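The values are calculated or read from the model by the stated rules, or taken from the named source; none is laboratory data. The shown structure was predicted, so the numbers you read here are calculated from the model rather than taken from an experiment. Heads up, the Cβs are rebuilt from the backbone with ideal geometry, glycines too, and the neighbour counts pull from every protein chain shown. Just so you know, the surface numbers come from the protein's heavy atoms only, side chains and all, with ligands and any DNA or RNA stripped out. Shrake-Rupley method; radii C 1.70, N 1.55, O 1.52, S 1.80 Å.
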Amino acid sequence: MPAFYEAEFDDSDWQRGAALLGENKFCCLPEPIRTQLQRENDKYTFYFRARFDLPTDIELSGLEVWHVIDDGAVFYLNGEEAGRYNMPDGEVVFDTTASGS
């Protein structure tokens, strides 16, 4: 079975929701929270996926990701790491904590 960050991973049984995703405790965000996240039993890791299609007839020189993140995140594109925000170097697993908050 492919890892969650690989393109062929089957996420059909994952919950869906509109961004921003988060908890009500935050204030002063650039957008309202549209999907509430619930932490359970000290669970502090969440996985999100988004699909998008690019036309095949364009030349692409880069990709820019806009995010609103409280602690940290790792971004993947088609199974390859495409960037990190506030995460330590090296392998990241479900209990890896952010470099800061």
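Specify which residue in the list ASN24, VAL74, ASN86 is farthest towards the positive end of the charge dipole of the chain, using unit charges on the beta carbon of Lys, Arg (+1) and Asp, Glu (-1), about the Cα centre.
Of ASN24, VAL74, ASN86, it is ASN24.
Using DSSP to define loop residues, name the trypsin sites (Lys or Arg not before Pro) in the range 19-83 whose beta-carbon has at most 11 other beta-carbon atoms within 10 Å. Write out the running numbers ahead of the final one.
On the way: sites: LYS25, ARG34, ARG39, LYS43, ARG49, ARG51; in loops: LYS25, ARG34, ARG39, LYS43, ARG49, ARG51.
Those satisfying the criteria are LYS25, ARG34, ARG39, LYS43, ARG51.
Would you kindly state how much longer the chain becomes between THR96 and ASP13 on full extension, computed as 0.36 nm times their sequence separation minus their alpha carbon distance, in nm to one decimal?
Numbers: separation 83, 0.36 × 83 = 29.88 nm, distance 2.46 nm.
Stretched out fully, the THR96 to ASP13 stretch lengthens by 27.4 nm.
Can you grab the distance from the C-alpha centre of the range 8-33 to the C-alpha centre of the range 42-101, Å, no decimals?
14 Å
Starting from the range 2-101, pick out the chymotrypsin sites (Phe, Trp or Tyr not before Pro) whose DSSP state is loop and whose Cβ has at most 16 other Cβ atoms within 10 Å.
Working: sites: PHE4, TYR5, PHE9, TRP14, PHE26, TYR44, PHE46, TYR47, PHE48, PHE52, TRP66, PHE75, TYR76, TYR85, PHE94; in loops: PHE4, TYR5, PHE9, TRP14, PHE26, TYR44, PHE46, TYR47, PHE48, PHE52, TRP66, PHE94.
Answer in residue order: PHE4, PHE9, TRP14, PHE26, TYR44, PHE46, TYR47, PHE48, PHE52, TRP66, PHE94.
Over the range 9-101, what is the mean sequence separation of C-alpha contacts under 8 Å (at least six apart), divided by residue count, expressed as relative contact order in percent?
On the way: 71 pairs, mean separation 16.8, N = 93.
Averaging sequence separation for qualifying contacts and normalising by length gives 18 percent for the range 9-101.
What is the spin-label model distance, in nm, from ALA3 to ARG84 if the labels are put 7 Å beyond Cα along the C-beta direction?
It works out to 1.2 nm between the two label points.
Classify the range 1-73 from the C-alpha gyration tensor, please: rounded if a/c falls under 1.5, else prolate or oblate depending on whether a/b exceeds b/c. Don't skip to the answer; put the middle values down first.
Values: a/c = 2.25, a/b = 1.38, b/c = 1.63.
Cα axes put the range 1-73 in the oblate bin.
I'd like to check one number: the per residue accessible area of the chain, probe 1.4 Å, reported in Å² as a whole number. Before the final figure, lay out the partial values.
Numbers: 8540 Å² over 101 residues.
I get 85 Å² per residue for this part.
How long is the gain from ASP57 to ASP71 if the chain were fully straight, where each residue apart is worth 0.36 nm and the alpha carbon distance is subtracted?
On the way: separation 14, 0.36 × 14 = 5.04 nm, distance 3.69 nm.
Full extension of this stretch gives 1.4 nm more.
In sequence order, what are the phi-derived ³J(HN,Hα) couplings for the range 84-98 according to the Karplus relation 6.51 cos²θ - 1.76 cosθ + 1.60 with θ = phi - 60°, rounded to whole Hz, with x for glycine and proline?
Working through the residues one at a time gives 9, 10, 6, 10, x, 5, x, 5, 10, 10, 4, 9, 6, 8, 5 Hz.
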